[in-house]
Amino acid sequence: MKTTVLIKLATASIRKNKMRATLTMLGIIIGVAAVIVMVAVGYGARTRIRAQINNLGTNMIVITPGAAQTAGVSQGAQAFANLSLDDVDKIRRESQYVAAVSPVVVSRAQVIGPAGNWRSQINGVDVDYQTIRDWPTESGDFFSADDVNATRKVAVLGATVAANLFPDQDPVGQEVQIRNVPFRIAGVLSKKGQTATGTDSDDIVLMPYTTARATLSGRVFIPQILASTTNEQDIPAAQQELTELMRETHRLAGNDPNDFTVRNQNDLAQAAESSTRVMTLLLAAIASISLLVGGIGIMNIMLVSVTERTREIGIRLAIGARGSDVLTQFLVESIVMGVFGGLIGLIVGFSGAKILGHFTGWETVISPIVMIIAVGFSGAVGVFFGYYPARKAAALDPIQALRYE
Amino acid sequence: MGDAVIEVHGLTKTYSTGATEVHALRGIDLTIHRGELVAIMGSSGSGKSTLMNLLGCLDTPTSGTYELDGVRVDGLGKNELAAIRNQKLGFVFQGFNLLARTTAVENVELPLLYDRGGKKRDPRKLAVAALERVGLGQRLDHQPSELSGGQQQRVAIARALVTEPALVLADEPTGNLDTKTTIEVMALFQELNTQGITIVLVTHEPDVAAYATRVVEIRDGHIRRDEPVANRRKAAEDLLHVEEDAA
Ligand SMILES: Nc1ncnc2c1ncn2[C@@H]1O[C@H](COP(=O)(O)OP(=O)(O)OP(=O)(O)O)[C@@H](O)[C@H]1O
Ligand SMILES: [Mg+2]
């Protein structure tokens with residue numbers, strides 16, 4: 001029999017039992033839809049996180065106090081106040097690979113401008129910070145090395161802070177008060193947008209770290225040192241070198257574990273992605289269980305169908321169908337059911353991904369390869385679970401089958 | 001008479017179900033020539049259906065030889081038997097055995113779809129011609145549930161004819177039909193027979209056997225009687241009488 005005739009036969013017999021076929025295909029539909037959503041959302045989340053991490057800066061390396069998480073137990077990174085300016089100085093003096101390095105002193109404070117107040121994050125940094133984070137000014141200038149050395153009271157505002165304190169004038173050259181100290185505004189930074197964790201990068205005020213340590217009482221330890229290399233290839237070597245330099249200043253002996261962590265942007269991206277991985281795994285579990293259940297559903301219905309149609313099989317065998325013809329007929333039927341379920345699942349998954357993307361704001365990407373694999377796989381489920389019933393049909397004895405009531 | 005369509009020698013069939021053995025056929029010798037219309041008679045359980053299944057290549061004999069249309073059939077494999085059934089044989093059953101929810105034309109087309117001969121034929125055209133031949137040219141797209149028993153049996157006969165087989169086998173084709181429809185179907189068989197088609201049918205009714213050219217009676221797996229029909233009736237004429245009586 002020709003394939004077109006076979007497919008026509010199969011679809012005809014499926015159409016005769018629409019409701020049953022639809023219910024049978026439900027497992028496949030849900031499975032494929034889950035796969036499509038999973039891949040689309042997973043990809044969307046990943047591209048977004050990558051973009052945000054890249055937005056942090058260029059070839060950036062982050063040093064934080066405390067050892068990295070080991071075996072899931074946090075060492076309490078913020079508990080060790082053990083990064084110091086000595087570390088920064090040593091890196092600046094001795095590092096071969098690091099092109100820029102800056103301590104980051106972090107605080108929060110009320111910033112008072114002429115039009116009102118705004119509570120913001122205050123970062124005390126070095127001039128290199130601008131290079132590391134690749135963050136140009138929108139107007140005015142970044143503060144200078146001279147400002148840092150002289151502990152001058154100058155500040156650079158993030159776009160959000162500038163917009164809130166100076167809604168309708170250029171802040172450059174104006175003054176703001178932070179903890180009752182007047183600061184001259186040297187410049188306003190360009191917009192960077194949200195970070196991977198969803199906070200606003202532009203809600204920030206930068207000032208020389210020297211000034212920050214002098215004027216912002218209390219928090220004087222350094223929670224973070226940022227560094228960067230000129231090109232990407234140098235990053236692993238730079239990380240290695242930074243680790244050695246840090247171990248020297250921290251006087252760690254041969255076997256002592258690091259009491260600090262050196263990470264690059266890739267490490268940060270991977271850490272951020274791990275949260276989406278849970279969701280991906282969950283969807284993958286739903287998908288595989290649905291496909292399995294869907295396959296068993298197809299097998300069950302095909303077995304019922306073979307019994308119901310015993311007489312039909314007998315007639316076909318009597319008028320000259322071979323066992324292989326009957327086998328193919330039933331196999332094509334279950335494949336058609338699988339593929340058709342896959343196609344419906346594709347449409348459902350596609351819409352689901354679009355809706356999810358709309359609400360989360362994630363970009364969802366559905367590649368043609370994923371579609372082909374999804375539909376192909378559901379066809380394969382049809383073959384796998386349809387084979388046994390089809391074999392049963394093909395093995396029927398024509399006389400017995402014709403007598404079947 | 002022309003050459004032999006069926007040549008059977010020493011055909012036996014023994015069913016073994018568990019410990020007991022049923023000797024359904026105990027040695028049949030039978031030759032049927034082209035153009036004959038043979039009625040096989042016998043009491044229930046005498047082995048008629050068993051013989052028809054063997055003649056129809058639906059089953060294989062326990063022993064004996066069977067030559068169909070010049071081809072040795074006993075000892076052939078499953079697929080070869082399927083091809084023989086498809087090309088050389090046409091079946092008509094007591095219960096019509098049409099595919100439900102399938103139109104008359106599609107039912108009649110079916111044997112052509114399983115033909116691997118590679119002949120370039122238009123199944124639909126041939127199916128329509130076969131249905132016209134049995135007088136159902138007006139019922140092409142009707143499903144079995146929309147047809148009377150007699151009409152369903154005509155569709156089944158059209159399906160048996162569509163491949164132009166060497167032999168048409170009918171096991172109690174009128175078993176489910178009333179007297180008038182029985183005569184109608186027999187008139188059709190007689191008409192086809194005069195056109196040269198060889199037909200073997202099983203019946204319990206002497207009235208039906210009277211339309212055949214020859215009667216073979218089976219008892220306990222043996223042929224007991226095998227003779228030409230002396231006063232052969234013409235179904236077409238009987239049909240006129242039946243219609244007169246009704247009027
Ligand atoms: N598949 C089978 N297994 C075992 N015994 C069988 C089988 N088919 C038929 N028989 C036996 O073979 C014998 C002949 O059966 P067969 O069906 O040929 O009779 P029949 O002449 O067609 O009867 P009827 O007029 O009632 O249709 C019977 O005794 C029957 O019980
Ligand atoms: Mg019988």
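The numbers here are math on the coordinates, done by the rules we state, and not lab data. Predicted model, so just to flag it, every value in this text is computed and none were measured. Note: ideal-geometry Cβ built from the backbone for every residue, glycine included; neighbour counts use all protein chains shown.
Taking only the Cα atoms of the protein assembly as shown, the ratio Rg/Rh comes out at 1.37, with Rh defined as the Kirkwood radius. What the Cβ-Cβ distance of B:Glu227 and B:Tyr15 gives, at R0 = 35 Å and to the nearest 0.05, is a FRET efficiency of 0.75. How much net charge surrounds B:Met41 when only other residues with a Cβ under 14 Å from its Cβ are counted (Lys, Arg +1; Asp, Glu -1)? Its environment carries a net charge of -3. Spatially, segment A:339-399 and segment A:1-67 are offset by 10 Å when compared through their Cα centroids.
How much of the DSSP bridge set in segment A:83-258 is antiparallel, in percent, rounded to the nearest 5? For segment A:83-258, the DSSP antiparallel bridge percentage is about 75. Among the residues of A:387-400, the average count of other protein chain beta-carbon atoms within 10 Å of the residue beta-carbon is 1.
What 222 nm value per residue comes from the helices of chain B, counting each DSSP H run with n ≥ 4 as -39,500 (n - 2.57) and dividing by all residues, nearest 500 deg cm²/dmol?
So the helix-based figure for chain B works out to -10500 deg cm²/dmol.
Rounded to the nearest 5, the antiparallel percentage of DSSP beta bridges internal to chain B is 60%. Where in segment B:54-98 does the amide nitrogen come within less than 18 Å of the point 7 Å from the Cα of B:Thr179, taken along Cα to Cβ? Answer for segment B:54-98: none. Within segment A:188-285, list the trypsin sites (Lys or Arg not before Pro) lying in a DSSP loop whose Cβ has at most 10 other Cβ atoms in a 10 Å radius. Here the trypsin sites (Lys or Arg not before Pro) that fit, given the DSSP loop and packing criteria, are A:Arg251.
For segment B:134-195 and segment A:291-315, what is the separation of their C-alpha centers, rounded to whole Å? Cα centres, segment B:134-195 to segment A:291-315: 32 Å. When every alpha-carbon pair in segment A:132-263 is counted, what percent end up more than 18 Å apart? In whole percent, the share of Cα-Cα pairs in segment A:132-263 beyond 18 Å is 65. The dipole here belongs to segment A:83-258: it is taken about the Cα centre, uses +1 on the Cβ of Lys and Arg and -1 on the Cβ of Asp and Glu, and is about 660 debye.
When DSSP beta bridges are restricted to pairs lying wholly in the protein assembly as shown, around 70% turn out antiparallel. Placing a pseudo-label 7 Å from each Cα along the Cα-to-Cβ vector at B:Arg72 and A:Arg184 gives an inter-label distance of 11.7 nm. Working from Cα pairs under 8 Å separated by at least six residues, relative contact order for segment A:83-258 is 33 percent. About the centre of its Cα atoms, the protein assembly as shown shows a dipole size close to 260 debye [charges on the beta carbon of Lys, Arg (+1) and Asp, Glu (-1) only; nearest 20 debye].
When shorter helices are ignored and each DSSP H run of at least 4 residues is given -39500 (n - 2.57), the per-residue value for chain A at 222 nm works out to -19000 deg cm²/dmol. Among A:Pro136, A:Pro167, A:Pro236, the largest mean-square fluctuation in a Gaussian network model of chain A, built with springs joining Cα atoms closer than 10 Å, belongs to A:Pro167. Here the calculated FRET efficiency for A:Gln169 and A:Glu363, from their Cβ-Cβ distance with R0 = 45 Å, stands at 0.80, rounded to the nearest 0.05. Subtracting the Cα-Cα distance of A:Val304 and A:Arg251 from their residue separation scaled by 0.36 nm leaves 11.4 nm. For segment A:83-258, the residue among A:Asn123, A:Val176, A:Ala186 whose Cα projects farthest onto the positive side of the dipole built from Cβ charges is A:Val176. Counting Lys and Arg as +1 and Asp and Glu as -1 over every other residue whose Cβ lies under 12 Å from the Cβ of B:Asp3, the net charge comes to -3. Only one residue of A:Tyr404, A:Leu283, A:Gly382 has its Cα farthest out toward the positive end of the dipole of segment A:279-405, where Lys and Arg carry +1 and Asp and Glu -1 on Cβ, and that residue is A:Tyr404. In terms of the mean number of neighbouring beta-carbon atoms within 10 Å, the peptides B:35-42, B:146-153 order highest first as B:35-42, B:146-153.
Once divided by 2.2 N^0.38 Å, the Cα radius of gyration of chain B becomes 1.01.
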